[in-house]
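Colleague: I'd like to ask you about the structure that follows.
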Amino acid sequence: MKYIAGADYYVHWLPFPEDNGTDGAAVVPNDDGTFSILMDEKLLQNAKKAYTTYQHEVCHIEDDDFYNEKPISEIEKI
Amino acid sequence: MFYDNYVRLCNEQGEGPTVVAKKVGVDKSAASRWSKGSLPRDTTLVKIADYFGVTVGELMGDEQIKPETERVGEKETENATINSGLEAALEALRNQPGRRALLSATKNMTEAQVLRFADWLADVTGGNKD
């Protein structure tokens with residue numbers, strides 16, 4: 001299923017805390033069934049990395065990763 | 001005894017004593033001083049032991065150094081434990097009522113970082129009831 005930015009999910013750019021250990025992105029489900037993708041502002045310095053990271057988060061939503069049975073290691077490719 | 005062990009471990013890794021000295025953050029001339037009998041500081045000893053995956057006791061000759069294959073096996077087990085701990089923390093966050101989230105974690109992310117980041121996320125988003 002395709003989700004639409006601005007309707008099914010929202011993207012927020014904000015400064016992540018220092019030394020956070022993430023790749024610069026996270027996705028959270030909202031109470032109304034939509035999702036919020038949070039992106040670290042530092043990624044704006046590298047458009048290619050920002051785009052691939054953003055796509056990774058959108059895939060979490062489209063693949064239903066909050067509700068499927070896949071192990072987290074497979075979802076996040078740890 | 002320290003220097004003999006140090007050289008032996010360097011040889012096992014195929015590296016020279018001065019190269020390893022630089023890698024653990026000391027001046028390359030330190031290796032020359034060690035060869036003449038002086039000993040590294042305690043903090044440097046710990047760094048060298050960590051670098052080779054041995055204990056300080058083994059490095060100093062107080063304990064017998066385990067075979068390299070055994071040391072590698074222990075290191076892999078340690079890494080596997082770290083990774084499974086990170087996975088468990090991320091999995092818990094995916095299913096945690098009130099603050100569900102999926103993080104794009106780096107391989108080096110720690111459980112403590114996951115918890116701190118989850119707190120920060122909950123502050124920023126106000127949590128979720130999903």
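Colleague: Cut-off 11 Å, label point 7 angstrom out along Cα-to-Cβ of B:Lys107: give me the residues of the range A:18-61 whose amide nitrogen falls inside.
Modeller: So the set is empty, nothing qualifies.
Colleague: Taking 7 Å along the Cα-to-C-beta vector as the label spot, tell me the A:Lys2-A:Glu62 distance in nanometres, rounded to one decimal.
Modeller: 0.9 nm
Colleague: Using just the helices of chain A, give the 222 nm mean residue ellipticity in deg cm²/dmol: DSSP H runs with n ≥ 4 each add -39,500 (n - 2.57), and the total is spread over all residues, rounded to 500.
Modeller: Numbers: 2 runs with 21 residues, N = 78.
Taking each H run of at least 4 residues, the total per residue is -8000 deg cm²/dmol.
Colleague: At q = 0.08, 0.19 Å⁻¹, work out log10 I(q)/I(0) for the protein assembly as shown with the Debye formula, treating every Cα as an identical point scatterer and leaving solvent out; two decimals please.
Modeller: Values returned for q = 0.08, 0.19 Å⁻¹ are -0.44, -1.20.
Colleague: OK, next. In the P(r) worked out for chain B, what percent of Cα pairs fall beyond 18 Å? Spell out each step's value before the answer.
Modeller: Values: 5299 of 8385 pairs.
It works out to 63 percent of all Cα pairs.
Colleague: Suppose each label sits 7 Å from its Cα in the direction of the beta carbon; what would the B:Glu68-B:Asp27 distance come out to in nanometres?
Modeller: Modelled inter-label distance: 3.1 nm.
Colleague: With unit charges on the beta carbon (Lys/Arg positive, Asp/Glu negative), name the residue among B:Ala105, B:Leu45, A:Gly24 whose Cα is farthest towards the positive pole of the charge dipole of the protein assembly as shown.
Modeller: Checking the options against the dipole of the protein assembly as shown, the answer is B:Leu45.
Colleague: Find the all-direction average of the projected area of the Cα convex hull for chain A, expressing the result in square nanometres with one decimal place. Present the calculation step by step, with values, prior to reporting the outcome.
Modeller: Values: hull surface 22.7 nm².
Over every viewing direction, the Cα hull of chain A projects on average to 5.7 nm².
Colleague: When Cβ neighbours within 10 Å are restricted to other protein chains, what is their mean count per residue of peptide A:53-61? Walk me through the intermediate numbers first.
Modeller: Working: counts 1, 0, 0, 2, 3, 0, 0, 3, 1.
Going residue by residue through A:53-61 and averaging, the value is 1.
Colleague: Set the bar at 23 Å for Cα to Cα. Now go through B:Lys22/B:Lys107; B:Lys22/B:Lys47; A:Lys49/B:Lys23 and name every pair that lies beyond it. Write out the running numbers ahead of the final one.
Modeller: Numbers: B:Lys22/B:Lys107 26 Å; B:Lys22/B:Lys47 11 Å; A:Lys49/B:Lys23 30 Å.
Going by Cα-Cα distance, B:Lys22/B:Lys107; A:Lys49/B:Lys23 fall outside the 23 Å limit.
Colleague: In debye, nearest 20: dipole of the range A:2-54 around its Cα centre with unit charges on the Cβ of K, R (+) and D, E (-)? Don't skip to the end; give the middle numbers.
Modeller: Working: 4 positive and 8 negative charges, 68 e Å.
Computed charge dipole of the range A:2-54: roughly 320 debye.
Colleague: Calculate, for B:Asp123 and B:Leu39, the FRET efficiency according to 1/(1 + (r/R0)^6) with r their C-beta to C-beta distance and R0 41 Å; round to the nearest 0.05. Kindly include the intermediate steps, with their values, before the conclusion.
Modeller: Details: r = 49 Å, r/R0 = 1.19.
FRET efficiency, B:Asp123 to B:Leu39: 0.25.
Colleague: What is the distance, in nm, between label points placed 7 Å from the Cα along the Cα-to-Cβ direction at A:Tyr10 and at A:Lys70?
Modeller: 2.6 nm
Colleague: Kindly put B:Thr43, A:Thr22 in sequence by how many other C-beta atoms sit within 10 Å of each C-beta, fewest to most. Before the final figure, lay out the partial values.
Modeller: On the way: B:Thr43 11, A:Thr22 20.
The order, fewest Cβ neighbours first, is B:Thr43, A:Thr22.
Colleague: Where is the GNM fluctuation largest for chain B (alpha-carbon springs, 10 angstrom cutoff): B:Ser35, B:Ser84, B:Ser104?
Modeller: Among B:Ser35, B:Ser84, B:Ser104, the largest mean-square fluctuation in the Gaussian network model of chain B belongs to B:Ser104.
Where a number appears in this text, it was derived from the coordinates with a stated rule and is not lab data. Here the structure is a predicted model, which is why all the values come from computation and not from measurement. All Cβ positions, glycine included, derive from the backbone under ideal geometry; neighbour counts span all protein chains shown.
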